[in-house]
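Student: Attaching a single structure in structure tokens format; questions to follow.
Every number in this text was worked out from the coordinates using simple rules, so none of it is lab data. These figures come from a predicted structure and were not determined experimentally. Using ideal geometry, Cβ is built from the backbone for each residue, glycine included, and neighbour counts are taken over all protein chains shown.
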Amino acid sequence: MSLTRRNFLAWAGLSAVGAVSCAIPRKEQELAIESPVRLPEDLVEGLDNWYATLCRQCPCAEGVLVRVMEGRAKKVQGNPVYPVNQGKQSVRCDGGLQALYHPHRLAGPMQRSGPRGSGQFQAISWDAALAALGQQLAANGSGMVLATEPLRAHLGLIAGRFAQAFGGKHLGFETLDQVTLRAALESVYQQPLLPDFDLAQANYLLSFGADFLSTWLSPTRYGQAYGQFRHGEGRKERGIHVQVEPRFSMTAANADRWIPIGPGWEGHLALSMAQVIISEGLQAPGVNINAITGGKGAAALEPFRPEAVAGKIGLPEGLLEGHSAADVIKELARDFAKHRPSLAVGGGSAGAHSNGLFNLKAIYALNYLVGSVGTAGGVKFNAGLPLNELPSNASVGSLADWKKVAADINSGATKLLMVHQADLAYGLPASVGMVQAFQREGLFIASFSTFLDETSAQADLILPDRVYLEDWGSDVPDPAPGYPVLGVQQPVVNPLSDYDPRSFGDVLLAVAQQQGKAANLPWATLRDALRESSDKLFALRRGSIRAGSADEFWRTMLQRGGWWDESAGIRNVAAPSAPAGLLAQIAGEAAAPVFSGPEAESFHLLPFSHNSLLDGRNSHLPWAQGAPDPVTTVTWQTWVELNEHKAKEMGLREGDVVKVESAAGSISGLTYLNPALPPDVVGIPLGQGRRHGSEYASGRLPEESSNVMDLLDGAQVQGSGGLAWAAARVRVTATGTSRRVSKFEGTSMAREIGETPGERIIHITSPSNSGGH
Amino acid sequence: MKLGRNMVPLALVGLGTSLILLVVVVVVGIAWYSNPPFGLGDAPPQPIAFPHTVHAGAPEQGGQGIQCEFCHRNVTKGAAATVPAVEQCLFCHQQVTGTTETARVEIAKVKASFENNTPIQWERVHRVPDHVRFVHEAHIRFFTEGETPETQLPVSQVCSVCHGDVAGMTVVAPKPGQSLKMGTCLDCHRQNNIPTDCTVCHQ
Amino acid sequence: MATERIDHKWGMVIDVDRCTGCQACVVACQAENNVPMNTPDRFLERRAYEWIRIERYWEGEFPKVKARFIPILCQHCGNAPCEPVCPVYATYHNDQGLNVQVYNRCVGTRYCINNCPYQVRFFNWWEPQWPNTLQNQLNPDVTVRSRGIMEKCTFCIQRLRRAELALERQEGGRINDQNLAERNLAPACVAACPTSALMFGDQNDPNSKIRPYFEDANTHSERERKTRGYRLLEEMGTGANVIYLKKVEQYPLKQGESHG
């Protein structure tokens, strides 16, 4: 054989392969082919099936398609026909696969074998576990609390009726609750359900604190609409987005203009804008100013003249460029009024101050002035599902409710706590005293957690739930997309043979049956309940599915991932007219934000939901941990964002471990120098600081992984009872130690030559040059 | 003869070089002949003595004449040819329980597998490495649905190009002289004017 | 059966003005392509694997500050700097416009990574590790790269090959933007992107959404273009098959106009 170049390469290459293959013996399993015993019809080896179901990685429950090959889920993708996310997905969706095949998943039921909180458990059988739970319910059912994630649709119905049947109560738990937002929206728009914000058709979007591109309400839906808002097909002009927020969030980073306002003053700014709009007559045609101001006109908002509030709301000098702060407010009001359809949304930290309810009401009232209530490019309202019994509104407990739960446990009124994906020990401020209440003699905690977390580590009994990709379920999106939707979740794979989880819904039904309390729960399984609703929808004969029989309807619904009725949208819900004297009334409620904690040499603490970990529910998933935070690019750690110059003044460098102290407690984290943070603000993400459960979440040092909820003292929003999580002031001090920040920026350095590397990479143009997209 | 003092290092270099060369030759030799694409040996013993002659052999030679794709039904649908599910064996073997003692014993194993719900672990005979994606379906389709007589073959003839006359084997063995190495793939692709881009097989 | 082969030239258009930096593409890619797990150590070593990544650039100082996001992945250069330096032809340009990394040819010299101006190639310094149970998620269509091998974005070649087989060989149709999306065969990042900042298609398909951008970029210099298109580091002449659309700076606003 002649030694050609190709031969030489082959030999050289093969010797390398040979060396490797000699050293590492081939795996045994590669040499066997398994004949499956039975072959389901839809399982063709080497071919993939895509099943429609719902994603439960975040509360908005997007519709997804899951790719299944040989009985294993391989990929999650947005369901193109599902109205909420329209084929798109968030950074969190694929994480469901890791939850499914997680190495630290709980295999089966367990009971506590060590002292409470030790995390020591021993395996028991399902029969024993269900008997133990039944015994507890029989003895202590009245006064029982069933704490879950905010549940909607069938599981919400079952959980509610279950608690009722035993004389207990069902509460949904949200770490950064939306209680205030719901109260504000209901008060301003007189609608019980969260509305849909039509970003796609808006021309000017003014967001006060709502991080809607990252974690707020329904981020994938808003992201999808945001693409349209910027460069939608058939759109003439690119939408303008202004973000008013004291912290530089991911959404603020995307805004055309970011207005860093003093924390808690959003409402004053909104009313000041309203004052400008009314006094300059900039309102949309047909808006009855007399009615909305209670007949007083601009005078109703006299205390909110730009000149009067300009000094309070904390606009930084550098933003003004020689103008007065009042001019900035006026310009904002004029732009907002002129570039119609314009839309104001508010949420996040704006609603998490002592005056949060006032802030949000003032913000949402702006939409009346520009005629954006019930119109395209504005706020659209949702009609409920035609199946009245299914709750479409998550029954969320406010901070006051949780304080009551802790008090009831302490007084002995509550002797049984059942927990499903509500990590009370981790997500409630320490001042609620939930962990202390757990120590009370005679309290029995049953957890339905799939993974060990801070609350289930305290439990007496763990009955692991199925991961949602293995389970039935349903959802009534909240906010819905402007028309009724029932999303259906179906099992796409079976649990691996080593695991023996049981569906939470099925367990509740079985226990109710066993205890003779199933009068209102006439289903054997969750699937039966779904099927019953399917038959009812079929009988309505409207909406997205036309079927000849109930069976066909059911199958089609499973295929498409749900049922919806676009015709029953905006037409069925009349746009509310503004309540008489709304602005005058809101103006009367105005209050300055009240802060707790040290006043001198301190910062405003702004906690925020992590882009992929959210409130910590995804912290056991390596993909979620390893997805860089969009703004700081930090992964796996708790970072403390400080203004770059301020931090340097304090002698802090990146990675310095700092102690953050509030009135309620202290935590530590790693300094991150953020050039875009106001000097008087410190931002800390939620999601880390676990001490129990998966080592992906708990396996790091306390100084680089801590729980920001430990800093909150449980202040409440006046009027709504929600948690005022942005109302704490904290002191930041160096500890003298330093650790490296595991961040993504700087990983690819080759191109970062020169002063402003971004200029070579991101080219910028003006709107006039961007015609033809 | 006495080695000059200055020749000792030279001899050591020579010895070293030949040692390295020897190692290289041995490694390359092992790699070449043990590389999985070459097949995994002659005919590994299988957990159940499954005679392809009886099932797929021509009727005039005492076989049932079952087409390949009847059992390996995925071969015309997807990437993997797949071995049939035990369930499928029992379509016939509920009734056919064997005429000889050996047959009865072997068929009983199939039944036992079904009843005990334990998959059968077959020994692999043909294998390409993990970084190769071979799609059976595309190859079968090309040679059965083409426009020239050479590409309008019955399925079983297409199979035998690489797998040999399996219908004539009592124990499945690789086709004598048939390499499953890349060169063989490329030769065939070139002959039939099929793309030879790396990504066709390596993904 | 369709015997005629359709020539494709794949291309991607990335609208920087739509990218919100949400990272959905990053995780979707990791899930689809068996990308090794990025543990904290990987980030500390600056060796995190992200076939597609979001770069964030700061501009200005508080309060007039901007953060700008841009997704960066292999540009599939028509004139790729990584290709001529590979001593074993493990990276080459194929007839569909892809820059291909052939894992089984790669001997790990890492010359290509040093010659790539976009830093989109990743070398496997370790054997990739997943806990046993997590291996159930691995995509069987994608080779797991072992230690000593270079890897990078493939435009989800496994999906494109499936598309060719299913849509063109079996059904006799032609791949287009719609059927790629409908069959879940568009690259994973494109399918995931909430704002549709990523668009993918065939430059040879006259109806593809991406084609006008490529026509414009290929026939006009950056100044004369009608679209916002530009290539990353265009002055290097890499002839990338990825086109970026410029970020739009809205302010100062045009005053006094009302949009009906």
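Student: May I ask you to derive the FRET efficiency for A:Glu566 and A:Asn49 from their Cβ-Cβ distance with R0 = 25 Å, giving the value to the nearest 0.05?
Tutor: With a Förster radius of 25 Å, E is 0.35.
Student: Test of the criteria: in region A:522-605, which GluC sites (Glu not before Pro) are in a DSSP loop and have at most 11 other Cβ atoms within 10 angstrom of their Cβ?
Tutor: A:Glu599, A:Glu601
Student: Which whole-angstrom value gives the distance between the alpha carbon centres of region A:400-430 and region A:455-480?
Tutor: 18
Student: Let me ask something else. Each label point is 7 Å from the Cα along the Cα-to-Cβ direction; what then is the distance between the points at A:Arg740 and B:Leu15, in nm?
Tutor: With each label point 7 Å from Cα toward Cβ, the separation is 4.5 nm.
Student: Another question, then. From the cross-link list A:Lys646/C:Lys64; A:Lys338/A:Lys380; A:Lys330/C:Lys64; A:Lys361/C:Lys254, which pairs have alpha carbons spaced over 22 Å apart?
Tutor: Pairs exceeding the cut-off: A:Lys361/C:Lys254.
Student: Take the alpha carbon gyration tensor of region A:233-291, find the square roots of its eigenvalues, order them as a ≥ b ≥ c, and report rounded if a/c is under 1.5; if not, report prolate when a/b exceeds b/c, else oblate.
Tutor: oblate
Student: Using Cα positions and a limit of under 20 Å, work out the lysines in reach of C:Lys209, with same-chain residues fewer than 8 apart set aside.
Tutor: Within the straight-line limit of under 20 Å, C:Lys209 reaches these lysines: A:Lys88, A:Lys236, C:Lys9, C:Lys226, C:Lys246, C:Lys247.
Student: I would also like to ask the following. Which shape class applies to region A:34-126: rounded if a/c is under 1.5, otherwise prolate when a/b exceeds b/c and oblate if not, where a ≥ b ≥ c are the square roots of the Cα gyration tensor eigenvalues?
Tutor: oblate
Student: With a cut-off of 15 Å, note down the residues of region A:322-352 whose backbone N falls inside the zone around a label point 7 Å from the Cα of A:Glu307 toward its beta carbon.
Tutor: In region A:322-352, the label zone of A:Glu307 (backbone N under 15 Å from the point 7 Å along Cα→Cβ) covers A:324-330.
Student: Charges on Cβ only, +1 for Lys and Arg, -1 for Asp and Glu, centred on the Cα centroid of chain A; of A:Ile363, A:Pro679, A:Leu701, which one is farthest towards the dipole's positive end?
Tutor: Value computed over the given set: A:Ile363.
Student: Next up: With an 8 Å Cα cut-off and a minimum separation of 6 or more residues, compute the relative contact order for region A:361-473 in percent.
Tutor: It rounds to 18 percent for region A:361-473.
Student: Round to a whole angstrom and tell me the spacing of the C-alpha centers of region A:240-281 and region A:614-671.
Tutor: What the calculation gives is 26 Å, centre to centre.
Student: Report, ordered by chain and residue number, the aspartates and glutamates lying within cross-link reach of A:Lys536, taken as a straight Cα distance under 19 Å and ignoring same-chain residues fewer than 8 apart.
Tutor: A:Glu389, A:Asp475, A:Asp528, A:Asp551, A:Glu552, A:Asp565, A:Glu566
Student: Where does the charge balance sit around C:Ala24 when Lys and Arg score +1, Asp and Glu -1, over other residues with C-beta under 10 Å from its C-beta?
Tutor: In short, +1.
Student: Taking the number of other C-beta atoms within 10 Å as the exposure measure, put A:Val708, B:Val125 in order starting with the fewest.
Tutor: Ranking A:Val708, B:Val125 by Cβ neighbours within 10 Å, fewest first, gives B:Val125, A:Val708.
Student: Name the residue, out of B:Ser160, B:Ser18, B:Ser179, whose mean-square fluctuation peaks in a Gaussian network model built on chain B with Cα pairs under 10 Å.
Tutor: Between B:Ser160, B:Ser18, B:Ser179, it is B:Ser18 that shows the largest mean-square fluctuation.
Student: Counting only other residues whose beta carbon sits under 12 Å from that of A:Arg67, what net charge do I get with K and R as +1, D and E as -1?
Tutor: +1
Student: Which distance in Å, rounded to a whole number, links the C-alpha centroids of region B:174-202 and region C:41-89?
Tutor: What the calculation gives is 37 Å, centre to centre.
Student: If you don't mind, another one. What 222 nm value per residue comes from the helices of the protein assembly as shown, counting each DSSP H run with n ≥ 4 as -39,500 (n - 2.57) and dividing by all residues, nearest 500 deg cm²/dmol?
Tutor: -8500 deg cm²/dmol
Student: A follow-up question, please. Lys and Arg at +1, Asp and Glu at -1: add these up for the other residues within a Cβ distance under 12 Å of C:Ile54 and post the number.
Tutor: Within the 12 Å Cβ shell, the charges total -1.
Student: Now for a different question. What residue among C:Val144, C:Ile113, C:Asn99 has its Cα farthest toward the positive end of the dipole of region C:92-152, where the charges are +1 on Lys, Arg and -1 on Asp, Glu, each on the Cβ?
Tutor: C:Ile113
Student: Still on this structure: Using a 7 Å offset from the Cα along the Cα-to-Cβ direction at both B:Val8 and A:Gln164, what is the distance between the two label points in nm, to one decimal?
Tutor: Simple spin-label model gives 10.0 nm for this pair.
Student: Select from region A:126-212 those chymotrypsin sites (Phe, Trp or Tyr not before Pro) which occupy a DSSP coil region and have at most 12 other Cβ atoms within 10 Å, ordered by residue number.
Tutor: Passing sites in region A:126-212 do not exist.
Student: In addition: On a 0 to 90 degree scale, rounded to 10, what angle separates helix B:182-191 from the longest Cα axis of chain B?
Tutor: For helix B:182-191, the angle is close to 70 degrees.
Student: Run down the aspartates and glutamates and flag those whose C-alpha is under 13 Å from the C-alpha of A:Lys403, throwing out any fewer than 8 positions away in its chain.
Tutor: A:Asp713
Student: Let me ask another. Classify the protein assembly as shown as rounded, prolate or oblate from the Cα gyration tensor: take a ≥ b ≥ c as the square roots of its eigenvalues, call it rounded if a/c is under 1.5, otherwise prolate when a/b beats b/c and oblate if not.
Tutor: Note, shape of the protein assembly as shown comes out prolate.
Student: Sticking with this one: Amide H to amide H under 5 Å from A:Gly78: which residues, 5+ apart in sequence or cross-chain, H placed 1.01 Å off N in plane?
Tutor: Result for A:Gly78 returns A:Leu65, A:Gln89.
Student: Listing C:Phe214, A:Phe603, B:Phe134 from the residue with the fewest other Cβ atoms within 10 Å to the one with the most, what is the order?
Tutor: Ordered by Cβ neighbours within 10 Å, fewest first: B:Phe134, C:Phe214, A:Phe603.
Student: Using DSSP to call loops (not H, G, I, E or B), can you name the trypsin sites (Lys or Arg not before Pro) in region C:67-164 whose Cβ has at most 13 other Cβ atoms within 10 angstrom?
Tutor: Those satisfying the criteria are C:Arg147.
Student: With only Lys, Arg, Asp and Glu charged, each at its Cβ (+1 for the first two, -1 for the last two), find how big the charge dipole of the protein assembly as shown is about the Cα centre; round to the nearest 20 debye.
Tutor: Approximately 980 debye in magnitude.
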